[in-house]
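J.: Can you keep this structure in mind? I'll have questions shortly.
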C-alpha cells in the first residue's frame, strides 16, 4: 500500500503516526485541565513492557501489545490520586517526578539492560497497522467528545468549581482521563519499540515532550482534531518542504509558531475563532429553510 | 410544613474574622425565602456554606433531612441543591444548549455503559429536556449561540436554566437580578415563581427590595454575619433594626467596635 514511498518518507510517516498517538495522550489530559509531564514516562513503560515480552518470552506479539497499555494505565491509575490532589505547577512537578522515577528505574535495573537498552525487538509494526489503530482511536475520541463524558470533561477544564456544583465528580473525570492517557502513551511506546526494534532510556527525554506539547497547544483544547491536524501539518512542513535541513527550517518553523499563537492564542480548535463563520452559516441555513422556526438573526443576538 | 433547609448555629471564620456567626434559620419546603442584608453581611458566604463550597467552622446544615456538612459540592448536587453565582459562572466557550446539558449530567448516572441506539435515545431525551428548559426561560431563539455572545440578562437566565436542569429540591439564587433593568428583573421574578410553583424551594439572595417583597414568603435579614430578624416580606421592613442596618445610624455603624466579641 505504501510501496511508492522511499524508505525515508516511509520512516517519517510512521514516526508521525506514533507521534499522533502521543499527542492524543497529552490532549486527553489537557482536555480536563491536567498539566502532565508524564506521557513519555508511560511511553517508556509501554515500550519496555512490549520489548521484554518480545525478547525474553516466547509469547506472541499481541500479548505485549495488550500488556503494554494495561501496565502503563495501571501505573497511571496508581499514581493518579496523589497527583490529582496537586494544583498548577505542583501537579506538573509531580508528574515530572513520576516520569523521571520511571526512567531512572529503567536505567539502573538489570532486567531492562540499564542505559544500553534493548535491541533485537522483532519489527512487527507497519504503516497499515498504525493507521488501523489510529482510526479506532479517532472513532473512540469522537464518541467520547460527543458523549456526556466529553461535556463533563469540557466543563471541568473550563471551570472546575462550577462543574462540581452541577454534580460532576471532579476526581472521577480526571482519574479516568489520566489513566486512559497513560494507557494510550503506553501503547505508543509499545508500537515505537516494535517499529524501530531498538529502545533505550535516552529516547524518552524532554526534547520529544516539548514537540508534543507544542502541537497540542497549537491545536487547542476545543476538539481533538486540532492537535492532530497540527501534528500532521507541522510534520509535513518540517520534512517535505524545500527548506528542510537548511538554516531556514528553524526560522520558518519558529515564525509559524509565533503567527499561530498570535492568531489563535487558545489554539486552532478554539471555539471563539469560528464564531463569525458559524454565525454566517447559521444565517445561511435559516435563509434556505424559511419554514423552520426562525433561528435568531445575528443582529438580535449580539449585545 | 417541614423544613427543607435547616441551619443550626452555623459559623464560618476566615482567619480571625467571623464572616458568619451562629446563624440559624429554616426554609419551609415549597417556599421562597429571601436572604437579605447590607453588603458584606455574609449572604454569599451562607450560600457557599449551603452548597458545599465552604465548610462551616461550627454548626449544622441539613437539606431534606440529610446532614450535608463536609459533603463535596457534587455530592450536594445529588442531594438536590443547585445554585447560581453572584458573578456569572457560565461555560463561556459553549452554547446555551451545551451549558444546560451539563446541568443534565446527573441524569446519565447508571447509564454509563449504554451504547448504540439506547445511548442515542438517552441523548435525544436529555437534549429535549434541555431545550424545554431553555424555552421556559425564554431563550429558545438562541439555543445554539455561544453564551459569550449573549446579553447580561440572557446569561443570567441561562444560569437559572442550567441550575434547574439538575432537577433540584433547593435552588440557591445568589443575586439573580443584579445589574438588570426593572423589566428584566420582573421577568426573573415571574420565572422564580413558576419554578417555585412546581415544588422547588428557593433561597433568594438579592438587593432588589421590590422583588424580594413581592415574591418571597419569608425573609431572613443578615447583618455582620448574624441573623438580625426573620419575618414576613412586608413586616420585615417595619423593624427598626433592619432600617438601621440598611440606612445606618450612628450607633449601628460603630456597634461592632464597642462589642468586639460580637463583631467581625
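Rule-based calculations on the coordinates, nothing more; no lab input. The shown structure was predicted, so the numbers you read here are calculated from the model rather than taken from an experiment. Here Cβ is always computed from backbone atoms with ideal geometry, including for glycine, and neighbour counts include all displayed protein chains.
J.: What is the spin-label model distance, in nm, from residue A:109 to residue B:125 if the labels are put 7 Å beyond Cα along the C-beta direction?
T.: The two pseudo-label positions are separated by 4.7 nm.
J.: Which FRET efficiency value, to the nearest 0.05, do you get for residue B:117 and residue B:92 by plugging their Cβ-Cβ distance into 1/(1 + (r/R0)^6) with R0 = 30 Å? Spell out each step's value before the answer.
T.: On the way: r = 34 Å, r/R0 = 1.12.
Efficiency at R0 = 30 Å is approximately 0.35.
J.: Using 7 Å Cα-to-Cβ label points, what is the residue A:86/residue B:238 separation (nm, one decimal)?
T.: 6.3
J.: Oh, and also: Could you please tell me the mean projected area of the C-alpha convex hull for region B:26-134, averaged over all directions and given in square nanometres to one decimal?
T.: Working: hull surface 37.4 nm².
Its Cα hull, projected and averaged over all orientations, spans 9.3 nm².
J.: Roughly how far apart, in whole Å, are the Cα centres of region B:169-206 and region A:27-102?
T.: Centre-to-centre distance over Cα atoms comes out at 48 Å.
J.: Once the Cα atoms of helix B:182-197 and of chain B are each reduced to a long axis, what angle between those two axes, in degrees from 0 to 90 to the nearest 10, is obtained?
T.: Result, in degrees: 80.
J.: Okay, next question. In whole angstrom, note down how far apart the Cα centers of region B:209-239 and region A:183-257 are.
T.: A separation of 62 Å, based on Cα centres.
J.: Which order results if B:234, B:177, B:57 are arranged by neighbouring Cβ count within 10 Å, fewest first?
T.: Details: B:234 11, B:177 24, B:57 15.
The order, fewest Cβ neighbours first, is B:234, B:57, B:177.
J.: Only Cα pairs within less than 10 Å get springs; with that Gaussian network setup on chain A, which residue of A:76, A:150, A:186 has the largest fluctuation?
T.: Maximum fluctuation in the GNM of chain A, among the listed residues, is at A:150.
J.: What distance in nm separates the two pseudo spin-label positions at residue A:15 and residue A:127, each 7 Å out from Cα along the beta-carbon direction?
T.: Once both label points are built, they end up 1.5 nm from each other.
J.: GNM, chain A, Cα, under 10 Å: largest mean-square fluctuation among A:45, A:198, A:136?
T.: Residue with maximal mean-square fluctuation among A:45, A:198, A:136: A:136.
J.: With N residues in region B:90-164, what two-decimal value do you get for its Cα radius of gyration over 2.2 N^0.38 Å?
T.: Computed over Cα atoms of region B:90-164, the ratio equals 1.13.
J.: For region B:90-164, what relative contact order do you get, as a whole percent, if you take Cα pairs closer than 8 Å and at least 6 residues apart? Each step should come with its number before you reach the end.
T.: On the way: 67 pairs, mean separation 40.6, N = 75.
Here the relative contact order equals 54 percent.
J.: For the pair residue A:161 and residue A:276, what calculated FRET efficiency results from E = 1/(1 + (r/R0)^6), where r is the Cβ-Cβ distance and R0 = 35 Å, to the nearest 0.05? Could you put the intermediate results ahead of the total?
T.: Working: r = 31 Å, r/R0 = 0.88.
That gives a FRET efficiency of 0.70.
J.: Just rank A:154, B:243, fewest to most, by other beta-carbon atoms within 10 angstrom.
T.: Numbers: A:154 23, B:243 13.
Neighbour counts put them in this order, fewest first: B:243, A:154.
J.: Regarding chain B, what are the three Cα extents along the principal axes, ordered largest first, in Å?
T.: 69, 39, 36
J.: DSSP beta bridges in the protein assembly as shown, what fraction antiparallel, as a percent rounded to 5? Write down the numbers at each step before the final one.
T.: Numbers: 22 of 38 bridges.
That works out to approximately 60 percent antiparallel.
J.: Roughly how many whole Å is it from the C-alpha centroid of region B:126-167 to that of region A:140-163?
T.: 18
J.: Something else now. Using the beta-carbon distance between residue A:283 and residue A:261 and R0 = 25 Å, what value does 1/(1 + (r/R0)^6) give for FRET efficiency, to the nearest 0.05? Walk me through the numbers before you get to the answer.
T.: On the way: r = 31 Å, r/R0 = 1.22.
My answer for the efficiency is 0.25.
J.: Also, quick follow-up: For chain B, what does the relative contact order come out to in percent, with C-alpha contacts under 8 Å and a separation of six or more? Could the numbers behind the result be given before it?
T.: Numbers: 467 pairs, mean separation 69.8, N = 264.
The normalised contact order for chain B reaches 26 percent.
J.: Out of every Cα-Cα pair in region A:1-201, what percent are more than 21 Å apart? Mind showing how you got there, number by number?
T.: Numbers: 10724 of 20100 pairs.
Summing the P(r) of region A:1-201 above 21 Å gives 53 percent of all pairs.
J.: Compute a Gaussian network model of chain A, connecting alpha carbons closer than 10 Å, and tell me which residue from A:18, A:251, A:102 fluctuates the most.
T.: A:251
J.: Moving on to the next point. Which order do A:144, B:51, B:13, A:25 fall in if you start with the one that has the fewest other Cβ atoms within 10 Å? Write down the numbers at each step before the final one.
T.: On the way: A:144 18, B:51 24, B:13 15, A:25 30.
In order of increasing Cβ crowding within 10 Å: B:13, A:144, B:51, A:25.
J.: Also: If the convex hull of the alpha-carbon atoms of region A:218-277 is projected onto planes in all directions, what is the mean projected area in square nanometres?
T.: Numbers: hull surface 17.0 nm².
Quarter of the Cα hull surface area: 4.3 nm².
J.: Can you compute the helix-only [θ] at 222 nm over the protein assembly as shown? Use -39500 (n - 2.57) per DSSP H run of at least 4 residues, normalise by all residues, nearest 500 deg cm²/dmol. Show your work: numbers first, answer last.
T.: Working: 22 runs with 313 residues, N = 567.
Rounded to the nearest 500, the figure is -18000 deg cm²/dmol.
J.: In a Debye calculation with equal point scatterers on the alpha-carbon sites of the protein assembly as shown and no solvent, what is log10 I(q)/I(0) at q = 0.05, 0.06, 0.11 Å⁻¹?
T.: These q points yield log10 I(q)/I(0) values of -0.29, -0.40, -1.05.
J.: Further, regarding this structure: Just want to confirm a number: the relative contact order over chain A, from Cα pairs under 8 angstrom separated by 6+ residues, in percent. Don't skip to the end; give the middle numbers.
T.: Details: 398 pairs, mean separation 87.0, N = 303.
Over chain A, the number comes to 29 percent.
J.: Considering only chain B, what is the antiparallel percent among its DSSP beta bridges, to the nearest 5?
T.: Details: 21 of 37 bridges.
Here the antiparallel bridges make up roughly 55 percent for chain B.
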